[in-house]
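The values are calculated or read from the model by the stated rules, or taken from the named source; none is laboratory data. Worth saying up front: this structure is predicted, and the values here are computed from it rather than measured. Virtual Cβ from ideal backbone geometry, glycine too; neighbours counted across all protein chains shown.
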Amino acid sequence: MAVEDVRVVAQALEWAATTPAAHGEIFNVTNGEVFGWRDTWPAIAETVGLPGAPDTPHELSTFLPDNADAWNSAVKRHDLRPLSIEQVLGESHFLADLVFGYGLSEPPPAAFVSSVKIRQAGFGGCMDNEEMWRYWMSDLMRRKIIPSA
């Protein structure tokens, strides 16, 4: 699977707007590496101060809204910004069920997106996926949207 950090996308947009080689072209933009969720969860857990744990599948589109009271309690207990679970999630929990393949006997096939074309045209922006997840989890803690580690 490939992911894109908004900071890399912004660099690519700036590059494309100022580079003749990008005129009229369509490019894929990714952080530059593939990753698997099982390899990523330990870094996320460590960043937010939680121990690692075995896989425990949940249908996030129902599990998270069903636990809105627990979220509201955590907001109060940790003096977080008074955002509802719906305000924090948007529609992302539906996408998560799809990406994680909830309910499938095997995970969905990985979608590999090549960024060779944009690199051959001269764009070199990239980001370490683990560093990205740590950055954004830390940002959510700093903004008091999730509890601090």
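Overview of results
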quantity: Among (1) at negative phi; (2) assigned by TED's automatic domain parsing to the domain that holds I146 - the single one G49 does not satisfy; calculated: (1)
quantity: Looking only at the stretch 24-68, and only at residues there that are closer than 23 Å to Q11 by Cβ and touching a Ser or Thr at 6+ places or on another chain (Cβ under 7 Å), the one that is surrounded by the most Cβ atoms within 10 Å (Cβ to Cβ); calculated: T30
quantity: Flag if I146 is touching a residue at least 24 places away in the same chain (Cβ under 8 Å) and within 17 Å of V29 (Cβ to Cβ); calculated: no
quantity: Selected residue (criterion: farthest from V116 (Cα to Cα)) from residues of the stretch 34-77 that are of a type in the set (G, A, S) and part of a helix (DSSP H, G or I); calculated: S73
quantity: Pair list, Cβ under 8 Å, 6 or more apart: the stretch 69-96 residue touching a residue at least 40 places away in the same chain (Cβ under 8 Å), other residue surrounded by fewer than 13 Cβ atoms within 10 Å (Cβ to Cβ); calculated: R81/R143
quantity: Members of the stretch 91-136 that are part of a helix (DSSP H, G or I), touching a Ser or Thr at 6+ places or on another chain (Cβ under 7 Å) and more than 16 Å from N31 (Cβ to Cβ); calculated: H93, F94, D97
quantity: Residue under evaluation Q87, criteria (1) in contact with a Ser or Thr (Cβ under 8 Å, 6 or more places away or on another chain); (2) outside any loop (DSSP other than H, G, I, E, B), criterion not met; calculated: (1)
